[in-house]
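Read the structure below first, then the notes.
The values are calculated or read from the model by the stated rules, or taken from the named source; none is laboratory data. It should be emphasised that the depicted structure is a prediction, and the values quoted were computed from it without experimental measurement. All Cβ positions, glycine included, derive from the backbone under ideal geometry; neighbour counts span all protein chains shown. For the accessible areas, the whole protein counts, side chains as well, though only heavy atoms, and no ligand, DNA or RNA atoms are used. Shrake-Rupley method; radii C 1.70, N 1.55, O 1.52, S 1.80 Å.
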Protein chains: 2
Amino acid sequence: MSVSFVPIPEGSDFPLENLPYAVFSKKSKPDKHRLCVAIGDYVLDLKEVAQYYAPEHQAALQSHNLNLLMSLGHEAWDAVRTRTQELLTKGSVVDVNDLRTVCLIPQSEILLHLPAEIGDYTDFYSSIHHATNVGIMFRGADNALMPNWRHLPVGYHGRASSVVVSGTPIRRPLGQTLPEGAEKPVFGACRLLDFELEMAFFIGGPGNQLGEPIKVDDAWKNVFGFSLMNDWSARDIQKWEYVPLGPFTAKNLGTTISPWVVTTAALKPFLLDNFPQEPEVLPYLRQTLPFNFDINLEVSLKPADDNETLISKSNFKHLYWTPLQQIAHHTITGCNLRPGDLMASGTISGETPDSYGSLLELCWRGTKTVELQNGKTRKFLQDYDEVIIRGHCEKNGLRIGFGTCAGQVLPAHPVD
Amino acid sequence: MSVSFVPIPEGSDFPLENLPYAVFSKKSKPDKHRLCVAIGDYVLDLKEVAQYYAPEHQAALQSHNLNLLMSLGHEAWDAVRTRTQELLTKGSVVDVNDLRTVCLIPQSEILLHLPAEIGDYTDFYSSIHHATNVGIMFRGADNALMPNWRHLPVGYHGRASSVVVSGTPIRRPLGQTLPEGAEKPVFGACRLLDFELEMAFFIGGPGNQLGEPIKVDDAWKNVFGFSLMNDWSARDIQKWEYVPLGPFTAKNLGTTISPWVVTTAALKPFLLDNFPQEPEVLPYLRQTLPFNFDINLEVSLKPADDNETLISKSNFKHLYWTPLQQIAHHTITGCNLRPGDLMASGTISGETPDSYGSLLELCWRGTKTVELQNGKTRKFLQDYDEVIIRGHCEKNGLRIGFGTCAGQVLPAHPVD
Ligand SMILES: [Ca+2]
Ligand SMILES: [Ca+2]
Ligand SMILES: [Mg+2]
Ligand SMILES: [Mg+2]
Ligand code: NI
C-alpha cells in the first residue's frame, strides 16, 4: 500500500486502506449535500475530484447521496476505490497540482448526513447469544431459542423514515404499557428505554426484480458496505404491543446509524470463517463463501454533564447468520431489494456478560445495574443520557474504523 | 353539481364528483409518467392543463408522481379539486377552446402505474371480525382477541419495495414451512397462498417531525386519499416464521394496490359514525370526528380460462379502528410520517361468512371450500388464479368507484 499525502494521525479510523463514504455539507453551506470519503482528519470532496474518475462513474460521485454509486455494482465500486486511493497517494494529480485546498476539508468544518435515501429498512435478530438471553429472560432456559431460530434468520420490516444519522437527539417516546398485574394499559412516557448495539449494511447493485430470489453465494454483490447502528427500543411499549404481529411503535421512534459506510473491500483483511451452524441449514441458505468479520464493537454511556463509561465490548463475529444468508432469506419469496436499502444485524451480544448489546441483557431485565463513573448506575436509559457506539478492526498495524454512532435521549413531551 | 362535457356512462366509477388521481403513461410512450384524474372512460392529463391552475399548484400537477401534490396539504387539495371540476364542466376553458383532443385520453390508451413513491408502508389489523376469526381458528373462541387488541390499533411495518400496481403478476413464493407434526422445516413452494381484502390510504401534508406525534383530531389533514389493496399472504410460511417478531417473508412477496387514489373529499357524502369502541380507548386515541365510510367491497376469483366468481362482499365500515386513530397511534412514539407513505387497514371482514376478506376465513382454515363457477372449488389460491378486488360507494344516484385491484398468481420457480 502506498502512502497518502494526507497525514494519518496515530490510531486514526481512516487510513488510506479504509476510505469510508459519507454524505456531508460544509457548515457554511449546510444544505449542499455532497459525497466524500474520510482520510485521516479530513474528507475528500468527491464532487470536486469527480473529473479524475472514469466517465461512467462521475455522475454517481457528483450525486447528493450514495444511492447511485450503490446501484453501480461491485466492479464500479472496486474501480472507484482504486482510483480514490491513487488520488490520495503522494505524487498524484491532486498532490502535484496542489488541489488540497479545494478538495480536502477538515472534518471539523463539515456536517454529516444520512448516507443514502433508505427505501426499506429490515432488522434481523441474528446473534444467538442475544436471542438466547432474551429467550431465557422471557420464556426460561428450556425454551430459550424459538424452534425456527436455527433454521432461518428471523427478521422483521422496520421503519425507514425514522432512521437518523449519528448526533440526532432521540425523544423519549410516549405510549401504552401494561403495568405488572394490571388489567388495563396506561399511557405515559416510556420507562424502559434501551439501546441495541447493531451493525447494518447497505444494499448495492441494481437490485433484484420482484419474484426473483438472490442466491446466497451471489449475495456478496449486493453488499455495498457497513455502518454502526443503535436500534433504540422501548421495552415496556414493545411488551404490550408486539403480540401477534411483532414490534411496531416500540421500534419506530428512531434508529441511529453512523454516517460512515465502510465498504466490504476495506473489511476484506478482517474476514473470518462463518459462525458454525447446527443443524445444517436448508440448501438455499448454505453458504460456501466466508462472510464474517472481526469487528470490535463498543458501547459507552454518557450521562448529562458527566464522562462516558464503557459498558459493553462485543464483536460482529458473534453473529450466527451472515449478511449473505440474510439477503438470500429476505428474497426467497421474491421480495425485491433496491440500492440504498438497509439491513441490520439485530443486537450483537457476545457470550460473556460484559459483551451484551443492550441494557435489557446487561442488567438482566432490571435485576442488576450497570455501574457508571462517579457512582452512578443504570438499569435503563435516563433523560439526557448519550449512547455512543464505536467500532473498528485491527490487525498487523492496520486499523479500519467506523467512527461513532451517537444519540442523546431527550425527555418525553408532557402528557396533556 | 354541474355537468361535465365528458360523457359519463351509466354506472361509471368516475363521475365529476369523484376525480380520483393516478399516474399514467400513454401506451405509445410508456416511460413518460404523468398525473391524471379519471373522468368517465377518459383521463384528464393534468400536465397538459396545469397552466389553468394556481401558480403554486402547477409544479405538483406537472410531476411524475403524486408525492408533491400529497405534500401540499388539504387546502391545496381542495383548491385543485375545485379547479379540476370547473375545467371539466360544460363551458369551461377546456370545453370552449376545444382542448379535449390534447388533454383527454381514453383509458383504453393508457398504462397505469404506482401513484406515489411509497417511503414506508404499514399494515394494520383493524377489522374486529377478521381478528376474531383468526383468533378463534388459532387460539379458540375464549382467547380470540389478544388483550391489547381493543386498546390499540395493532399494526406492523410492511415492505414498501414490493407494493405493486394492479395488473402486476405475483409469483407464488418459495420458502420454509413446518409440516404438521414434523420436527424440521421443509423448503418448497407456498401451498397456502391467500389474498387479503384491504383498503389503504396515502399520507399527505408536509408530515410530522421525528419526535412530534400527530393528534387524533388533527390527523384528517394527513389523509390524502384511498386505494384498494390485496395483501398477498403465504399462510404456511407465516405460521413458521412469525414468532416472535411478526410476519416477514410471508408478506413481502408482493402487495397489490389499485392505481386510483380516491380523495377524502370525494368520500365525504359516504361518511358514517365510527365503529363503537368498548372499552373506551385512552385519551390519545379518543376521536371526536367521524371518519368512517360506507364503501362496498367485493372480491372475485377468476381461474385461468374461466369466468370470475364473486366470493366475498364486505365493507370498509366494518373497521373498528379509524385511519385517524391509526395515524395517532403510529406517531405517538414520535415516528415521522412522510407524504406518500401508505397505511393499510388490515383484512376487512364483516360479520357474516360471505363477507370475510380472506380464503383463510372463507374456507375456515381449509375445513370448507369456496364454490366457483363450472364446479370448481378453492381452499387457497391455485396457479393462474386472478384475484380481483372492486370497491364503490353508492347513494342517491351518486356512485364513487375505486376501479379494480387485480393480480394473477404465477407458478413458483422450480426448486433446484
Ligand atoms: Ca433490533
Ligand atoms: Ca394484512
Ligand atoms: Mg429502531
Ligand atoms: Mg403484502
Ligand atoms: Ni460481476
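Observations
- The combined condition, being more than 9 Å from chain B (Cβ to nearest Cβ) and either away from ligand 1 (no atom under 15 Å from the Cβ) or modelled with pLDDT under 95 (or both), is not fulfilled by residue A:211.
- The range B:260-311, residues that are charged (D, E, K, R) and surrounded by 14 or more Cβ atoms within 10 Å (Cβ to Cβ): B:294, B:298, B:302, B:306, B:308
- When residues in the range A:242-285 are screened for being in a loop (DSSP other than H, G, I, E, B) and hydroxyl-bearing (Ser, Thr, Tyr), 3 of them pass.
- Beta carbons closer than 7 Å, at least 6 apart along the sequence or on distinct chains, never pair a first residue in the range A:64-83 that is over 15 Å from residue A:52 (Cα atoms) and modelled with pLDDT under 95 with a second that is open to solvent by 10 Å² or more (accessible area, probe 1.4 Å) and within 16 Å of ligand 1 (Cβ to nearest atom).
For (1) open to solvent by 60 Å² or more (accessible area, probe 1.4 Å); (2) in a loop (DSSP other than H, G, I, E, B); (3) not charged (D, E, K, R), each residue gets a yes or a no:
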residue	(1), (2), (3)
A:23	no, no, yes
A:29	yes, yes, no
A:35	no, no, yes
A:38	no, no, yes
A:58	no, no, yes
A:63	no, yes, yes
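- Residue A:112 being within 11 Å of chain B (Cβ to nearest Cβ) and more than 30 Å from residue A:282 (Cβ to Cβ): no
- Selection status of residue B:378, more than 16 Å from ligand 5 (Cβ to nearest atom) and within 14 Å of chain A (Cβ to nearest Cβ): no
Results for (1) under 19 Å from residue B:148 (Cα atoms); (2) within 16 Å of ligand 5 (Cβ to nearest atom); (3) of a type in the set (D, E, K, R), shown as yes or no for each residue.
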site	(1), (2), (3)
A:170	no, no, no
A:179	yes, no, no
A:188	yes, no, no
A:198	no, no, yes
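- Strands (runs of 3 or more DSSP E) completely within the range A:146-241 that count 3 or more residues being surrounded by 24 or more Cβ atoms within 10 Å (Cβ to Cβ): A:155-157, A:197-203, A:223-230
- Filter result (among the aliphatic types (A, V, I, L, M) and either within 23 Å of residue B:26 (Cβ to Cβ) or assigned by TED's automatic domain parsing to the domain that holds residue B:208 (or both)) within the range B:47-92: B:49, B:50, B:59, B:60, B:61, B:66, B:68, B:69, B:80, B:87, B:88
- Residues satisfying the criterion are present in the range B:338-358 (criterion: open to solvent by 10 Å² or more (accessible area, probe 1.4 Å) and within 14 Å of another protein chain (Cβ to nearest Cβ)).
- Residue satisfying condition, being small (Gly, Ala, Ser) and at pLDDT 95 or above, within set B:254, B:246: B:254
- Filtered by the rule that a residue be within 13 Å of ligand 4 (Cβ to nearest atom) and within 12 Å of chain A (Cβ to nearest Cβ), the range B:232-243 gives B:232, B:233, B:234, B:237, B:238.
- The C-beta contact set for the range B:330-351 (first residue away from ligand 2 (no atom under 12 Å from the Cβ), second residue basic (Lys, Arg) and in a loop (DSSP other than H, G, I, E, B), distance under 8 angstrom, 6+ apart or interchain) comprises B:335/A:159.
- Residue check, residue A:198 of a type in the set (D, E, K, R), under 23 Å from residue A:120 (Cβ atoms) and more than 9 Å from every other protein chain (Cβ to nearest Cβ): yes
- Test result for residue A:225, at pLDDT below 95 and either acidic (Asp, Glu) or away from ligand 2 (no atom under 16 Å from the Cβ) (or both): no
- Taking the range A:105-125 as the range and being assigned to a loop (DSSP other than H, G, I, E, B) and open to solvent by 40 Å² or more (accessible area, probe 1.4 Å) as the test, the residues that pass are A:114, A:117.
- Filtering the range B:319-351 to residues that are away from ligand 4 (no atom under 16 Å from the Cβ) and among the hydrophobic types (A, V, I, L, M, F, W, C) leaves B:319, B:321, B:324, B:327, B:328, B:332, B:335, B:337.
- Residue match in the range A:1-11 (condition: touching a Pro at 6+ places or on another chain (Cβ under 9 Å), within 19 Å of residue A:267 (Cβ to Cβ) and at pLDDT 95 or above): yes
- Within the range B:306-321, the set of residues being in contact (Cβ under 8 Å) with a residue 60 or more places away in the chain and of a type outside the set (A, V, I, L, M) comprises B:306, B:307, B:308, B:309, B:312, B:314, B:316, B:318, B:320, B:321.
- Listed by first and then second residue, the pairs linking a residue in the range A:136-150 that is within 11 Å of chain B (Cβ to nearest Cβ) to a residue that is modelled with pLDDT under 95 and surrounded by fewer than 17 Cβ atoms within 10 Å (Cβ to Cβ), with Cβ atoms under 8 Å apart and 6 or more places separating them unless they lie on different chains, are A:146/B:243; A:148/B:243.
- Residue check, residue B:102 in a loop (DSSP other than H, G, I, E, B) and either open to solvent by 20 Å² or more (accessible area, probe 1.4 Å) or in contact (Cβ under 8 Å) with a residue 40 or more places away in the chain (or both): no
- Residue in the range B:312-335 that is of a type in the set (Lys, Arg) and surrounded by fewer than 17 Cβ atoms within 10 Å (Cβ to Cβ) present: yes
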